[in-house]
Amino acid sequence: MSVRVLCVAAAFACLLSACANRSQTESGSLVTSFAPAKALSSPKKADADDPVALTPTAWGRFGNPRGLAGRTIEVSSLSDIKLRDKEVVLTFDDGPMPKKTERILATLDEYGVKATFLMVGEMAKAHPDVAREVAEAGHTIGSHTYRHADLAHLSFDAAVAEIEKGRSAVASATHEDAEFFRFPYLADSRKLRQWVGAHGMVVMDVQVDSKDYFGVSPAAVATRTMNVLRAEHKGVILLHDIHTRTAAMLPALLTQLKAENYKVVQLRFGGHAPMLTASLDRSSHG
Ligand SMILES: [Zn+2]
């Protein structure tokens, strides 16, 4: 991690702490707290795991910024995901994880936006109640293999089996067909992508990697995500609902998205009935 990132994170945390005693009407300070020019001047190192400074109260939560939710896009293939400028899709991989996923669900609900959850099959099997909670909250469901295998290191047949087993486990837990799919480690191949598409699933690519899997502060994740997004102007954002830092920084990220006039759009699978029936049949035999 670069010194610059550390400094930005540190300053961000300081600014957030400074917000603790302010009234909600002064909420504009969070917007400027993302500005690198100010952030770099901070002399204090961020405490990556300081939960106090990152609770909603300490951040001077601004209430629900209405209008963050954008349109719903119906997709049946990757080419249908056509985002306009200032449109983002929130995606959460690797869960469901008790407490963390639930905390993220509460934040998404508070901000009135829907995300796509790419669940790992064995996680969904281990925590079916949380998986169902995600589905019942109206979020879009996808799978992420059964045991988060690196498919690049498996034979084609073994990779397909991993994908199918994962999708089946997610469908069983959520009671919904999982029509979206993301390759673990984004390790795909042309042949596997074709297979996924031919079997009624949409591959979820990534334009904005939050890198929330690095051991950095929540503030650093939010800052990095916004910086990448500003360069891309739009895109599918990769997040993970298994990390505390992700749950901690999500309110700030959503607040910042709203402040910069982004819209969080939801993806909905709009495939044909025969394909859905076929996949549900397969799920019941998995
Ligand atoms: Zn993953």
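Observations
- In Hz, Karplus ³J(HN,Hα) per residue of the stretch 219-230 (6.51, -1.76, 1.60; θ = phi - 60°; x = Gly, Pro): 4, 5, 5, 4, 5, 4, 4, 5, 5, 5, 5, 4
- Under the Karplus curve 6.51 cos²θ - 1.76 cosθ + 1.60, θ = phi - 60°, whole-Hz ³J(HN,Hα) for the stretch 116-123, x wherever Gly or Pro sits: 10, 10, 9, 8, 7, x, 6, 6
- Extension gain for Ser79-Asp209 works out to 44.8 nm (0.36 nm per residue, less the C-alpha to C-alpha distance).
- For peptides 191-204, 228-241, 139-152, sequence by mean Cβ density within 10 Å, most packed first: 139-152, 228-241, 191-204
- Separation between Cα centres of the stretch 138-165 and the stretch 179-232, rounded to whole Å: 15 Å
- Relative compactness, the stretch 92-137, computed as alpha-carbon Rg over 2.2 N^0.38 Å: 1.03
- Pairs exceeding a 21 Å alpha-carbon distance, out of Lys114/Lys234; Lys82/Lys114; Lys114/Lys258; Lys114/Lys165: Lys114/Lys165.
Since every read-out is calculated from the coordinates, none of them should be taken as a lab result. Please read these numbers as outputs of a predicted model, since none were measured by experiment. Virtual Cβ from ideal backbone geometry, glycine too; neighbours counted across all protein chains shown.
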